[in-house]
Each structure stands twice: as structure tokens, then as C-alpha cells.
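A.B. asks: Shown below is the structure under consideration.
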Amino acid sequence: MFGKFDKNALMLFTGALTFFLIGGLMTTVLPWITEKSWGNPVAGLKEYSDQELRGRAIYIREGCWYCHTQQVRTLESDVKRYGWRGVDAPISLPGEFTRDKPHLFGTRRIGPDLARVGGKYDKSWHRTHFNNPRDLVPGSVMPPFPWIVTSNGGKDLDDLVAYVQSLGRGRDWRPNHDYEQ
């Protein structure tokens with residue numbers, strides 16, 4: 001039966017296209033039909049405040065999402081690396097991103113993942129980090145962003161920090177609700 005495919009290019013193309021479409025349907029359409037919880041926000045997920053939305057706009061404008069992802073993958077190394085004080089970070093769920101338009105998952109991990117960074121560092125840490133990342137992280141490849149620290153009398157920094165501090169707080173997963181302010 002399969003010998004026909006070797007001798008007929010049209011049959012080979014049709015068979016390959018059929019298998020491709022079946023695979024595409026099984027990995028993209030079927031999960032969307034069968035899994036109804038994907039469009040529902042996770043418990044405790046709040047809408048962004050106006051300040052967080054302004055910070056998100058700065059995050060997008062400065063291209064932060066080109067180097068930082070915002071999703072903890074199902075890899076053990078991810079859940080360990082992005083955890084907090086010995087507690088593994090939970091993997092990202094679709095319901096955590098229902099308020100994000102556009103989604104800022106990112107595809108490159110030049111910098112660390114930011115999905116669970118909210119509350120890990122205080123404002124003074126962020127101020128130093130955006131002004132010159134190598135002051136805190138020797139060997140960092142992140143460029144300095146001193147204009148964020150000083151623009152609008154520091155308002156841009158406050159907005160950006162508010163957005164970054166909101167990341168990962170939709171799920172209460174840290175021990176003793178351990179979030180710095």
C-alpha cells in the first residue's frame with residue numbers, strides 16, 4: 001500500500017498534508033475544545049491598576065520582553081530556578097494570562113524569567129538595577145536604562161516597578177505569604 005506513495009508525488013503530498021493537518025488539529029484545536037478552564041482567570045487574579053498598565057506600556061516600549069520571558073515552563077530547572085526561599089515556583093497556567101493583551105510570553109531567555117518576580121525585590125533594588133544592572137548582577141548583559149530612573153521625576157520608574165511587582169502575584173505560592181513591599 002505505501003509503495004504507491006513512492007511512485008506518485010501527488011499521493012505523497014496528499015498523505016503528508018493529511019498527517020500534518022491531523023497533527024495540527026490534535027495539538028491546537030482539540031485542546032482548545034476539550035479544556036474549558038483555559039479562558040478562566042486563576043483565583044485571585046486582579047485587573048492591572050492604571051499605574052501597572054503604564055508600567056506595562058514602558059516594559060513593552062523599552063523592549064524588555066525581547067529578553068525576558070514571563071512563563072515558568074514545566075521543566076524542573078525552571079521551577080527550581082524561579083522559586084523562592086526553597087519553595088519551587090508553580091508552572092504557569094493559561095488562566096494567569098487572561099488579562100494580558102498582547103501576551104508577553106517572550107521566546108528568548110537572555111535575561112531571567114519574570115513570571116514570579118513580583119515582590120522579590122524592593123524599589124531601591126529596581127532603581128539600581130535599571131540605572132546600571134551590573135552594579136547588582138556582575139556580568140549582566142542587560143543594558144542600563146538610566147532614563148527610566150529619571151524621566152517624569154521618577155514616575156516612569158514607579159510605574160515600571162509597579163508592573164514588575166505585579167508579576168506572579170495572581171497565585172499565592174510563597175511560604176508564609178512572603179512578599180516584600
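A.B. asks: Here are some conditions: (1) part of a helix (DSSP H, G or I); (2) surrounded by 13 or more Cβ atoms within 10 Å (Cβ to Cβ); (3) hydroxyl-bearing (S, T, Y). S124 meets all but one. Which one does it not meet?
C.D. replies: It fails just one condition, (2).
Conditions tested, residue by residue: (1) surrounded by 10 or more Cβ atoms within 10 Å (Cβ to Cβ); (2) under 30 Å from R127 (Cα atoms); (3) among the charged types (D, E, K, R).
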| residue | (1), (2), (3) |
| --- | --- |
| G23 | yes, no, no |
| V29 | yes, no, no |
| W32 | yes, no, no |
| Y48 | yes, yes, no |
| R54 | yes, yes, yes |
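A.B. asks: Tell me which residues, restricted to segment 37-64, are farther than 13 Å from T98 by Cβ and touching a Pro at 6+ places or on another chain (Cβ under 9 Å).
C.D. replies: I60
A.B. asks: Moving on. If the Cβ limit is 9 Å and pairs must be 6+ apart or interchain, which residue in segment 150-162 that is farther than 17 Å from N132 by Cα and in the same structural domain as R127 (by TED's automatic domain parsing) pairs with which residue that is part of a helix (DSSP H, G or I) and among the small types (G, A, S)?
C.D. replies: Within 9 Å, the pairs are D159/G55; D159/A57; A162/G55.
Per-residue answers, yes or no, for (1) within 30 Å of S92 (Cβ to Cβ); (2) under 29 Å from the mean Cα position of the chain (by Cα); (3) modelled with pLDDT under 80; (4) not aliphatic (A, V, I, L, M):
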{"site": "L10", "(1), (2), (3), (4)": "no, no, no, no"}
{"site": "L45", "(1), (2), (3), (4)": "yes, yes, no, no"}
{"site": "D50", "(1), (2), (3), (4)": "yes, yes, no, yes"}
{"site": "G55", "(1), (2), (3), (4)": "yes, yes, no, yes"}
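A.B. asks: Now for a separate question. Taking the stated definitions as given, is L114 hydrophobic (A, V, I, L, M, F, W, C), closer than 21 Å to D50 by Cα and free of Cβ contacts under 8 Å to residues at least 60 places away in the same chain?
C.D. replies: Against the criterion (hydrophobic (A, V, I, L, M, F, W, C), closer than 21 Å to D50 by Cα and free of Cβ contacts under 8 Å to residues at least 60 places away in the same chain), L114 qualifies.
A.B. asks: Just to be sure before I move on: is K101 more than 27 Å from G154 (Cβ to Cβ), out of contact with any strand residue (DSSP E or B) (no Cβ under 6 Å at 6 or more places or on another chain), assigned to a helix (DSSP H, G or I) and not aromatic (F, W, Y) in the structure I sent? Give the steps one after another, and end with the answer.
C.D. replies: On the way: more than 27 Å from G154 (Cβ to Cβ): yes; out of contact with any strand residue (DSSP E or B) (no Cβ under 6 Å at 6 or more places or on another chain): yes; assigned to a helix (DSSP H, G or I): no; not aromatic (F, W, Y): yes.
Criteria not met by K101.
A.B. asks: Follow-up. Give me the residue from segment 146-179 that is crowded, with 20+ Cβ neighbours inside 10 Å, in a loop (DSSP other than H, G, I, E, B) and touching a helix residue (DSSP H, G or I) at 6+ places or on another chain (Cβ under 9 Å) and, out of that set, modelled with the lowest pLDDT.
C.D. replies: Of everything passing the filter in segment 146-179, G170 is modelled with the lowest pLDDT.
A.B. asks: With (1) more than 21 Å from K46 (Cβ to Cβ); (2) surrounded by 14 or more Cβ atoms within 10 Å (Cβ to Cβ); (3) in contact (Cβ under 8 Å) with a residue 24 or more places away in the chain; (4) within 19 Å of the chain's Cα centre (by Cα) as the list, and R108 as the residue in question, which single condition is left unmet?
C.D. replies: Checking R108 against (1) more than 21 Å from K46 (Cβ to Cβ); (2) surrounded by 14 or more Cβ atoms within 10 Å (Cβ to Cβ); (3) in contact (Cβ under 8 Å) with a residue 24 or more places away in the chain; (4) within 19 Å of the chain's Cα centre (by Cα), the one that fails is (2).
A.B. asks: Might you check whether a residue that is at pLDDT below 90, in contact with a Leu (Cβ under 8 Å, 6 or more places away or on another chain) and of a type in the set (D, E, K, R) occurs anywhere in segment 92-99?
C.D. replies: Yes, segment 92-99 contains at least one residue that is at pLDDT below 90, in contact with a Leu (Cβ under 8 Å, 6 or more places away or on another chain) and of a type in the set (D, E, K, R).
A.B. asks: Is it the case that some residue within segment 70-87 is surrounded by fewer than 18 Cβ atoms within 10 Å (Cβ to Cβ), part of a loop (DSSP other than H, G, I, E, B), touching a residue at least 60 places away in the same chain (Cβ under 8 Å) and not aliphatic (A, V, I, L, M)?
C.D. replies: Yes.
The values are calculated or read from the model by the stated rules, or taken from the named source; none is laboratory data. What you are looking at is a predicted structure, and each value in this text was computed from that prediction instead of being measured. Every residue, glycine among them, receives a Cβ derived from its backbone with ideal geometry; neighbour counts consider all protein chains shown.
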